[in-house]
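Okay, so here's the structure we're looking at.
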Amino acid sequence: ESMILSMHQALIIFFYHRVYNISAMVIQDQVKKTLEFVQPCLEMERFDADFSVSISWSTFIAAAEAATPDLQELGLRCLEAVDDRGMFIEHGKPSAIAKAVWEHRRRTNDFSYGWPDMMAV
């Protein structure tokens with residue numbers, strides 16, 4: 001159930017950021033909910049490949065859009081659990097991407113900037 005709820009919130013985040021290019025500040029409630037829903041899933045010792053991709057994606061989407069220090073800290077803890085399990089197919093760590101997004105936002109004060117912008121470079 002937690003996985004489904006986290007996916008639902010992550011889809012809302014993705015939709016609002018990618019389709020409407022909404023500022024990350026507007027979707028912080030969904031970020032918080034996603035990270036709260038994903039935590040019990042990350043505490044499980046084992047799960048299959050489909051489950052791990054779903055949880056990894058939800059975690060990354062929420063953490064990358066975290067805009068407040070407390071949510072960034074929570075997001076980083078969740079992403080590091082994903083990093084440690086090697087859940088992403090791509091090489092590199094999703095936590096590094098999220099940190100780069102946060103740093104860009106801090107530097108420019110542009111909260112509409114997100115991970116898709118970073119990946120396009």
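For residue 36, the stated conditions hold: it is at pLDDT 95 or above, of a type in the set (D, E, K, R) and more than 11 Å from the chain's Cα centre (by Cα). Checking each residue in the stretch 1-14 for being crowded, with 22+ Cβ neighbours inside 10 Å and in contact with a Phe, Trp or Tyr (Cβ under 9 Å, 6 or more places away or on another chain) picks out 6, 9, 10. Scanning the stretch 18-33 for residues that are in contact (Cβ under 8 Å) with a residue 60 or more places away in the chain and under 11 Å from residue 62 (Cα atoms) turns up just one, 24. Just so you know, in the stretch 101-121 the residues that are among the small types (Gly, Ala, Ser) and out of contact with any helix residue (DSSP H, G or I) (no Cβ under 6 Å at 6 or more places or on another chain) include one that is least open to solvent (accessible area, probe 1.4 Å), and it is 112. Of the residues making up the stretch 15-38, those that are exposed (fewer than 15 other Cβ atoms within 10 Å of the Cβ) and among the basic types (Lys, Arg) number 1. When each of 56, 6 is tested for being at negative phi, at pLDDT below 90 and among the hydroxyl-bearing types (Ser, Thr, Tyr), the lone residue that passes is 56.
A count restricted to the stretch 105-121 and to residues that are in a helix (DSSP H, G or I), without any contact (Cβ under 8 Å) to a residue 60 or more places away in the chain and over 20 Å from residue 83 (Cβ atoms) stands at 5.
The values are calculated or read from the model by the stated rules, or taken from the named source; none is laboratory data. This one's a predicted model, so the numbers in the text were calculated from it and none came from an experiment. So basically every Cβ, Gly included, is an ideal-geometry build from the backbone, and we count neighbours across all protein chains shown. When the accessible area is computed, the model is the full protein with side chains, heavy atoms only, and any ligands, DNA or RNA have been set aside. Shrake-Rupley method; radii C 1.70, N 1.55, O 1.52, S 1.80 Å.
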